[in-house]
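Asks: A single structure is presented below for examination.
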C-alpha cells in the first residue's frame, strides 16, 4: 500500500515537471518565430528584364565589354590579396571627380569610362570593373547593378560575387559592405552567366511564364545582333538608291587667280577681261566688259 502511494506521488511529480518543461519551451518557439531569418549571402535574383538604356548604348559602342559569358560561374575565395585589391581599387576610383552626365556630356544618360573631368556613378563602376579584371578577377564575378537610395534617386554600384557573399563597391562610400548591409533598394543587376542579360532584384517583379534558354556562350547580345541587322539592311537599301553626281569641291580663294589666269591666256575677242580689286574685306574678283 505504501509503495503504491509512493509510485503515485512520483508519477504526479514527473507529470508536473513535464508540464513545466513544455511551458518553458513555448515562449522560445514564439520568440524564434518572430526572429527574422538571416539575409542570404547573395542577392536573390528574379526574372530577366530589359537592360538599362545607358548600358545598351554603351554596348553598341563597346561590344567587346558586353560579350562572352559562362555556364559555370567561378566561386571566388576572398583571400587577403583579393580583399586588398577591392579596397585599393574602390578607394582610388572614388577619388575621381564625380560629375553628372547632363553637365559633362549634355546628355541625361551616357555610360562611359571617366575622363580627366571625372564621371558619374555608372562611369566609376565601369572603371572599377576594368581595373579589377586587369588584376585577375573574372568578369562573371563583377556585376553592374542598379538601385534606389533612401531618397529614391537612382544609383549604380558594382557587386562582387564571392564565397562569402555579394559585396558592394560604392562610389559614395569607402567601405565595402555585404549587399544586405547597404541602405539601397536593389533594382537589377547583370546575370553571372551572360553579361548582357540583366535580372530583376526587386521582389515585386515576377515572371509569369518560363523563360527561354540563354543564348550560347560567345553569342552576341540579342540587341547587338538586332543593331547589326538594321545596319546591314540600311546599307543594302542605300546601295540600291541612285547615286547623286559627285559635287565638285569649291575652289579655294588662293586657287582662283591661277584658274582665271589659265583661262585668260588667249581670250577670244568677245570674252570679258578679268581684273582684281582689293578692299578692306579681301580680294574680290570681278569681270569688266
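The values are calculated or read from the model by the stated rules, or taken from the named source; none is laboratory data. Only a predicted model underlies this, so the values are computations on that prediction, with no experimental measurement involved. As a convention, Cβ positions derive from the backbone with ideal geometry for all residues, glycine included, and neighbour counts pool all protein chains shown.
Asks: Quick check on my filter: what residues within the range 197-217 are surrounded by 14 or more Cβ atoms within 10 Å (Cβ to Cβ) and out of contact with any strand residue (DSSP E or B) (no Cβ under 8 Å at 6 or more places or on another chain)?
Replies: Matches in the range 197-217: 214, 215.
Asks: Has the range 144-155 got at least one residue that is in a helix (DSSP H, G or I) and more than 15 Å from the chain's Cα centre (by Cα)? Write out each step before concluding.
Replies: Just the residues of the range 144-155 that are in a helix (DSSP H, G or I), to begin with: none.
No.
Asks: Restricting to the range 68-99, count the residues that are surrounded by fewer than 14 Cβ atoms within 10 Å (Cβ to Cβ) and without any contact (Cβ under 8 Å) to a residue 40 or more places away in the chain.
Replies: Qualifying residue count, the range 68-99: 9.
Asks: If you check 115, 140, 123, 149, which single one turns out to be surrounded by 15 or more Cβ atoms within 10 Å (Cβ to Cβ) and farther than 19 Å from residue 73 by Cβ?
Replies: Answer to the selection: 123.
Asks: Still on this model: Would you check if there is a residue in the range 19-26 being within 22 Å of residue 177 (Cβ to Cβ), out of contact with any helix residue (DSSP H, G or I) (no Cβ under 8 Å at 6 or more places or on another chain) and modelled with pLDDT under 90?
Replies: Applying the first criterion (within 22 Å of residue 177 (Cβ to Cβ)) to the range 19-26 yields none.
No: zero hits.
Asks: Okay, next question. Of the residues that sit in the range 38-67 and are surrounded by 13 or more Cβ atoms within 10 Å (Cβ to Cβ) and farther than 21 Å from residue 156 by Cβ, which one is nearest to the chain's Cα centre (by Cα)?
Replies: Per the criteria, the residue is 41.
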